[in-house]
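The values are calculated or read from the model by the stated rules, or taken from the named source; none is laboratory data. Everything numeric here is computed off the predicted structure, so don't read it as measured data. Heads up, the Cβs are rebuilt from the backbone with ideal geometry, glycines too, and the neighbour counts pull from every protein chain shown.
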Amino acid sequence: MYSILKSAHSGWAYLLILVLAIATINAIIGFAGKKEFGNKDFSLALVGLIVTHIQLLLGLALWAFSPYSSMLFSDTSTVMSTPEIRLLALEHPLMMIIAVALLTVGYSKHKKKIVSNGKFKVLAIFYTLAFLVVLSRLPWKQWM
């Protein structure tokens, strides 16, 4: 079960980075160019949100079956003193939850804005922050 979840989580991460990058860049371009917010923009933001939430569910399931989560509770000093283990047991899951929260808040706030520039601004801010959080805590050495 663990290896299946790990493969799914790793594979879905490529899609997540691509979709999140496109949604973030679209929001920044829309805000900077003072464009009109349309169905394409709404769809990009929504797909980014959906892909990210699916990745979160896969990640939480993976973490539950992971040896790192059990180590976190049984041998905390080893986990906290080993950067590679700490990243997988604590930092990566926590920061990804924060990134999903940022995306969710940004998506929810953009729907309340009436003016297109306001919608793009909220999406640009929250999606950029979330994207940076995701990129900062990816286990690059193990993933690539």
Does Leu72 satisfy being crowded, with 19+ Cβ neighbours inside 10 Å and farther than 23 Å from Tyr127 by Cα? yes
Residues that are under 18 Å from Thr128 (Cβ atoms), among the β-branched types (Val, Ile, Thr) and modelled with pLDDT of 95 or more: does region 54-75 have at least one? no
Between residues in region 124-143 that are small (Gly, Ala, Ser) and residues that are modelled with pLDDT of 90 or more, which pairs lie under 6 Å by C-beta distance while being six or more apart or on different chains? Ala124/Ala27; Ala124/Ile28; Ala124/Phe31; Ala130/Ala99; Ala130/Leu102; Ala130/Leu103
For Ser43, state whether it is assigned to a helix (DSSP H, G or I) and over 22 Å from Phe131 (Cβ atoms). no
Condition set in contact (Cβ under 8 Å) with a residue 40 or more places away in the chain and among the aliphatic types (A, V, I, L, M), scope region 99-123, selection surrounded by the fewest Cβ atoms within 10 Å (Cβ to Cβ): answer is Val100
Consider Thr78 against the criteria (1) touching a residue at least 40 places away in the same chain (Cβ under 8 Å); (2) under 30 Å from Met1 (Cβ atoms); (3) surrounded by fewer than 20 Cβ atoms within 10 Å (Cβ to Cβ); (4) out of contact with any Pro (no Cβ under 9 Å at 6 or more places or on another chain): it satisfies all of them except one. Which criterion is unmet? (1)
